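Chemist: Quick one: this structure, given as structure tokens, is what I'll be asking you about.
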Amino acid sequence: LDGCDLWFDHHDSNVRDQPFAGRHERAPSAARVIYNHYAAAGRAAAFDRHEELLMETDKVERAGINRDDILNPEHYVLISHLISSQPVLDNTVDDNLLLIRLLQEGPAEHALGHPTFARRAGAFLENLESSKSAISGRMKQDANVLIMDQRALDERERDLCNNKFLPYVLFQGADVLIRIKPLDPTRTILTVGFNIFSPDGRLRTHIGKFLKNFGGGGHPKAGGCSLAPERVDDAVQKIV
């Protein structure tokens, strides 16, 4: 936390034992943690105009969506598919900053009406059927664990296979999805997610805390870690 003025986090695995300025708590989203921080200081009214955005962020972040949201995404759920989690690597920093400004100005429809996001949303929806085929063809299954290995995919195939929740609709009965995604020659990302449609009783470990064994972290039902490429296959076997 050196050099950090305010720190907000909702990952269970990131509990700090030293004092810090900001807030850490279990919450549906980091946005909700920030809201709670300022609400506790009597400044909740400052967020009134963003109430819908805050609720929708909670919904997407906690995976509180249904099958129709996955197969026919609209509004904020659709926007969530258009945001890169690695904007520097994907060269979408300016797009993310533009989206922030658009959401400050109006609701989801305002952002989706902008040419940049209208184009990207249209491409995403047009490619949804191709994504189904790509995911079905590239997915491997080990008992109740799905493994999406993106290391050998070209950029287009990787984009088609990136849909976060579509595998849970296509492979019913699987409980866990491991995604292997190379970022650069020295770093590969592993993400592990619990099927949002599986009964909670089938989850027998806290995924975020479990992934601390691999230098990562996360939530009870989802997490990730970053590994050197030569460690990936062994790590996947241990996770399975």
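Chemist: Considering the range 117-136 alone, what residues qualify as being open to solvent by less than 30 Å² (accessible area, probe 1.4 Å) and hydroxyl-bearing (S, T, Y)?
Modeler: Passing the criteria: only S131.
Chemist: With respect to the numbered conditions (1) open to solvent by less than 50 Å² (accessible area, probe 1.4 Å); (2) under 16 Å from the mean Cα position of the chain (by Cα), which one is the sole condition not fulfilled by T191?
Modeler: The failed condition is (1).
Chemist: Would you say M139 is in contact (Cβ under 8 Å) with a residue 24 or more places away in the chain, touching a strand residue (DSSP E or B) at 6+ places or on another chain (Cβ under 7 Å), under 21 Å from S84 (Cα atoms) and crowded, with 17+ Cβ neighbours inside 10 Å?
Modeler: Against the criterion (in contact (Cβ under 8 Å) with a residue 24 or more places away in the chain, touching a strand residue (DSSP E or B) at 6+ places or on another chain (Cβ under 7 Å), under 21 Å from S84 (Cα atoms) and crowded, with 17+ Cβ neighbours inside 10 Å), M139 does not qualify.
Chemist: Hey, another quick one. Determine the pairs where a residue that is assigned to a helix (DSSP H, G or I), located within the range 24-52, has a partner that is open to solvent by less than 40 Å² (accessible area, probe 1.4 Å) and of a type in the set (A, V, I, L, M, F, W, C) with Cβ atoms under 7 Å apart, the partner being 6 or more residues away or on another chain.
Modeler: From the range 24-52, the pairs are A31/L54; R32/L54; V33/A27; Y35/L54; N36/A27; Y38/A44; F47/L54.
Chemist: Quick test of your reading of the structure: K164 fulfils all but one of (1) touching a Gly at 6+ places or on another chain (Cβ under 8 Å); (2) open to solvent by less than 60 Å² (accessible area, probe 1.4 Å); (3) not hydrophobic (A, V, I, L, M, F, W, C). Name the failing condition by number.
Modeler: (2)
Chemist: Among the listed residues R179, R204, R151, which satisfies the condition of being assigned to a loop (DSSP other than H, G, I, E, B) and touching a Ser or Thr at 6+ places or on another chain (Cβ under 8 Å)?
Modeler: R151
Chemist: With (1) buried (at least 19 other Cβ atoms within 10 Å of the Cβ); (2) assigned to a helix (DSSP H, G or I); (3) of a type in the set (V, I, T) as the list, and V169 as the residue in question, which single condition is left unmet?
Modeler: If we test V169 against (1) buried (at least 19 other Cβ atoms within 10 Å of the Cβ); (2) assigned to a helix (DSSP H, G or I); (3) of a type in the set (V, I, T), just (1) comes out false.
So that you can scan it fast, the table gives a plain yes or no per residue for (1) acidic (D, E); (2) open to solvent by less than 80 Å² (accessible area, probe 1.4 Å):
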{"site": "E51", "(1), (2)": "yes, no"}
{"site": "N96", "(1), (2)": "no, yes"}
{"site": "L99", "(1), (2)": "no, yes"}
{"site": "G106", "(1), (2)": "no, yes"}
{"site": "P115", "(1), (2)": "no, no"}
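Chemist: Can you go through K212, K221 and tell me which one is touching a Phe, Trp or Tyr at 6+ places or on another chain (Cβ under 8 Å), basic (K, R) and within 19 Å of S13 (Cα to Cα)?
Modeler: The match here is K221.
Chemist: With open to solvent by 50 Å² or more (accessible area, probe 1.4 Å), part of a helix (DSSP H, G or I) and in contact (Cβ under 8 Å) with a residue 60 or more places away in the chain as the only criterion, which of K212, K238 stands out?
Modeler: Being open to solvent by 50 Å² or more (accessible area, probe 1.4 Å), part of a helix (DSSP H, G or I) and in contact (Cβ under 8 Å) with a residue 60 or more places away in the chain holds for just one of K212, K238, which is K212.
Chemist: State which residue is nearest to I100 (Cα to Cα) when the search covers only the range 9-23 and only residues that are free of Cβ contacts under 8 Å to residues at least 40 places away in the same chain and surrounded by fewer than 18 Cβ atoms within 10 Å (Cβ to Cβ).
Modeler: G22
The values are calculated or read from the model by the stated rules, or taken from the named source; none is laboratory data. Worth saying up front: this structure is predicted, and the values here are computed from it rather than measured. Neighbour counts run over all protein chains shown; Cβ positions are idealised from the backbone, glycine included. Calculation scope for accessible area: heavy atoms of the full protein, side chains included, ligands and nucleic acids excluded. Shrake-Rupley method; radii C 1.70, N 1.55, O 1.52, S 1.80 Å.
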